[in-house]
Amino acid sequence: MIIILMGAPGSGKGTQSKRLVDHFQIPHLSTGEMLREAKKRGDETGRQIAECIDSGRLVSDDLILHLVEDRLSQPQYQRGCLLDGVPRTTVQAMRLDELFRRHAWTLDHVVALSVPQTELVRRLAARAKVEGRADDTPETIARRMDVYDKQTAPLLEFFRSRGLLREVAAVGSAEDVFQRVLSAVNGQA
Ligand code: ADP
């Protein structure tokens with residue numbers, strides 16, 4: 001089972017990812033988490049990553065694809081996984097598609113969490129207070145939203161046209177959202 005989870009910053013990808021991987025017993029691949037780990041290492045690559053993340057811009061497609069390919073070649077990923085935070089650009093989507101084809105893997109579902117813009121902004125502001133993530137400042141939030149709208153949201157059409165898109169209203173409690181995700185996935189398995 002391969003699931004891609006998409007959604008704007010603040011749409012609840014992290015929360016729903018945890019539930020999905022528990023439910024389907026598949027490993028979680030979060031590019032945001034992988035990059036935050038790499039950033040902590042503080043070497044040259046880490047510094048470049050930090051510059052992108054902290055300003056709300058995307059890191060290069062080459063770096064992402066390298067990290068993802070490396071991770072997906074590990075044995076525990078051979079029976080599927082949940083991809084969280086990737087693809088985020090058309091180039092990433094194309095290269096991921098090639099990778100799946102090369103391994104003869106089938107992408108089962110692309111779950112897209114939909115949340116109204118005003119609610120996203122409210123959630124991110126609240127999270128900034130609690131978690132203190134360096135990229136949750138007002139300017140960076142605005143940049144991440146813009147990057148999502150321009151570079152990532154167009155991918156929804158691509159997946160819709162291939163019959164893979166499962167759009168879910170991601171408002172209400174985390175449990176309600178999860179139940180909607182499950183019915184969207186199971187209804188079209
Ligand atoms: P969010 O969806 O809340 O913005 P993520 O944790 O998925 O958070 O990503 C945090 C940051 O990591 C992004 O703003 C971006 O700088 C970088 N990043 C994550 N995934 C990718 C990706 N697939 N391509 C490029 N940059 C990425």
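Just so it is clear, none of the values below were taken in a lab; they were calculated from the coordinates. Quantities reported herein were computed from a predicted structural model and do not represent experimental measurements. As a convention, Cβ positions derive from the backbone with ideal geometry for all residues, glycine included, and neighbour counts pool all protein chains shown.
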Legend entry - Number of the condition not met by Gly85 [criteria: (1) within 16 Å of the ligand (Cβ to nearest atom); (2) more than 17 Å from the chain's Cα centre (by Cα); (3) at positive phi]: (2)
Inset, instruction - Being crowded, with 18+ Cβ neighbours inside 10 Å and within 14 Å of the chain's Cα centre (by Cα) is the filter; apply it to the range 33-42 and report the residue that is nearest to the ligand (Cβ to nearest atom). - result: Leu35
Inset, instruction - Could you figure out which of (1) farther than 15 Å from Leu113 by Cβ; (2) surrounded by 17 or more Cβ atoms within 10 Å (Cβ to Cβ) isn't true of Phe159? - result: (1)
Inset, instruction - Could you run through the range 51-70 and say how many residues are without any contact (Cβ under 8 Å) to a residue 60 or more places away in the chain and either among the acidic types (Asp, Glu) or buried (at least 16 other Cβ atoms within 10 Å of the Cβ) (or both)? - result: 12
